[in-house]
Amino acid sequence: MRRAHALLAVALLLAASALLASDGSSGSRLFWIGAAAVLAASVAGGAVLLGRLAVPASPPALLFLGLLGALVVWQAASLAWSIQPGRSWDYANRGLVYLAFAVLGVLLGAVPPRRVAEGLAALLGALFVVALAAKVIPGLHGDYGRLTRLRWPLGYWNQLALLADLAVPLGLWLAPRRRAEGALLVFGALVVAVLTFSRVGVVLALVGAVLWLWLGRERLASLTAFALAAAGAGVVGGLGLLLPGIADDGQSHGVRLRDGLVFGAVLVVVAVAVALAARSLLARKVDRDRARRLARGGAMIVAAVVLAALVVAVVRAGGPVDFVADRWHEFSNPVSSQVGNDVGRLGSTSSSNRWRWWQEAWDAFADHPVQGTGAGTFALTDLTHRDSPLATVEPHNTPLQFLSETGLVGFLLYAGAVGAVVWGFRRRARGDGGAAVALGIVVLLGLLHAVVDIDWDYLATQGPLLGIAGFLAARPGRVVIVARRPLLAVATGIACLAALYSLLSPWLSDRYVQSGYDALVNGDFAGAASDAKLAHSLDPLSTAPLSLWALAETDDARALDHLRKARDLEPQNPDAWYELGFFEGESLHRWRDSYRDLNHAYTLDNYSVDGRELDKARCKIDPATCQG
């Protein structure tokens, strides 16, 4: 058990790194945190195979890891048919890192769930303090002067809102035991959810509270904590929405500093009030029957308010049919589907272009139903199928993303892994009670949020969530020491080295590409060519080193060869065709070839491809078309 608790400390340290230092979807941070996770999982796995670490005897956990591992292998296999193989390699590496977190979660199966829940709650509390501090102190994140939605340190507001949602059931579970800490965690989570302006984030925070009040124990204490936290968050969040320096884009540093200090002062005062009220009210003992009546009455009041608001909205729309029609039109209409990043978005039912992206993902799946287009390739699918200038990297729906990119095989592996967690959770919840239920709600909220956003791209949410999923899949109460298998331990070490190389190679290639462009700026063409050659040798599936190499070449024939190789790597990428066509025209004066390739680039993407070069090539071929 001592070794298991040491492993828990390592897992929490990795989770803290993911939450506070992953820098959004940064590939660089994924390498450093992911390499540490892979190394930790491999060392722990080796300890199991050498008989030094007990492992839970859990068929659901084995099934979960097997299916998740198969999904990662299938993502790697998709390099063979991917429309963007370099991106698929990066995405397979991301899956590999998530698998490492899942392995650590499974190996923690013998740790009491309350330890895991308390550790995660502490990390989320620290994250909220850091996130809100950036609103109080403008120097922590200067970009709030441009765009005000709360997102630091994750880089993306919806992912921060998701983490706020996950904290709600944890805080309500914690409240009867640690009264002030539980109420404050819920309070901070609700304030964060509001200031991200995330509609789904606010809804899921309420869903998390309702699920805990339905499934959890000590409902009155939890309901009291939620009421206190919601009241405090209403005051602080409402104030934040009224202060220009907190809620409005384009504000000066002075305005943000002034309003940040006001916001911070009110935040601290209200937080202290919530903590004191929680300590006082939650310490009182209440008769169980009375507690049930109060909880039931509170739920009925909330339901009545929601129902009344819905009735008013339906009446104002002219009836239920008109109400549904108006909401569907707002959700799916491509003209009005993109809502702004201001507080007004909280009242909108627009899909914010999701409906279009979901349709594109489904069409890509229909075209490649078995194998998909390749892991992580939806950005290119969207680029060549969109009917709007707005582009995206993923379809904002993880199940559809797997259908589109990895086909039916990848989707079934993902769905099977989810099913294995559900199987394991039902076994664990019967024996472990409250903490396991709270963690189960955490995973459920993560799955719900994944249906409307690009969650799989973010280590900050998916790493901890998959670790918790692995923990829930592991059967409690029965751990075994496996027979020593030194050969398998050695194989695990070799697999670890292979995984680390897979993470290192594209990361190092990107470093050389950046260095090469720096050399080009300084006029060092030989140095840039050398960096491009090294980058290409490390990541032969990426077009970036080839593009750099072409720019650094002094021989036109070799430069042309590099650009053709880039085009052949990603024949559906309009950028590869554009770079080739531009070079053929401006450097080689082969205007017919240039027109052909530029026209193909424009056909693939007529929104971002510069049509002026295409017009120039047309004029060179037939000057009469450009007269006048």
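The values are calculated or read from the model by the stated rules, or taken from the named source; none is laboratory data. Here the structure is a predicted model, which means the values were calculated and not measured. Methodologically, a virtual Cβ is constructed for each residue, glycine included, from the backbone with ideal geometry; neighbour enumeration extends over all protein chains shown. Accessible surface areas use protein heavy atoms only, side chains included; no ligands, DNA or RNA. Shrake-Rupley method; radii C 1.70, N 1.55, O 1.52, S 1.80 Å.
Observations
- Three principal axis extents describe the C-alpha atoms of the stretch 60-154; from largest down they are 47, 44, 14 Å.
- Relative contact order of the chain: 21 percent, from C-alpha pairs under 8 Å at least 6 residues apart in sequence.
- Rg/Rg_globular for the stretch 535-591, with Rg_globular taken as 2.2 N^0.38 Å and Rg from C-alpha atoms: 1.04
- The length gained on full extension between Asp249 and His5, counted as 0.36 nm times the residue separation minus their Cα-Cα distance, comes to 83.3 nm.
- Protein accessible area in the chain, 1.4 Å probe - carbon and sulfur %: 64
- Farthest towards the positive end of the charge dipole of the chain, among the residues Leu184, Pro571, Val418, is the Cα of Leu184, using unit charges on the Cβ of Lys, Arg, Asp and Glu.
- Taking every full run of DSSP H in the chain, the ones that stretch at least 27 Å from end to end by Cα along their long axis and average 0.0 or higher on the Kyte-Doolittle scale are 2-21, 27-49, 85-107, 113-136, 219-242, 253-281, 288-317, 398-432, 486-521.
- Span from the the stretch 207-263 Cα centroid across to the the stretch 102-149 one, whole angstrom: 16
- Between Ile621 and Asp387, the FRET efficiency estimated from the beta carbon spacing at R0 = 30 angstrom works out to 0.55.
- Remark: spin-label model distance Leu13-Thr554 equals 5.1 nm, labels positioned 7 Å along the Cα→Cβ axis.
- Accessible solvent surface per residue of the chain, calculated while the other protein chains remain in place, 1.4 angstrom probe, Å²: 44
- Listed options for Rg/Rh (Cα atoms, Kirkwood Rh) are [x] 1.01; [y] 1.06; [z] 1.11. The value calculated from this structure is the one marked [x].
- Segment Asp23-Ile481, length gained on full extension (0.36 nm per residue, minus Cα span): 161.0 nm
- Bridgeable aspartates and glutamates around Lys565 (alpha carbons under 15 Å apart, same-chain partners fewer than 8 residues away excluded): Asp539, Glu553, Asp556, Asp575, Glu579, Glu584, Asp597.
- Multiplying the residue separation of Gln572 and Ala283 by 0.36 nm and removing their Cα-Cα distance gives an extension gain of 97.6 nm.
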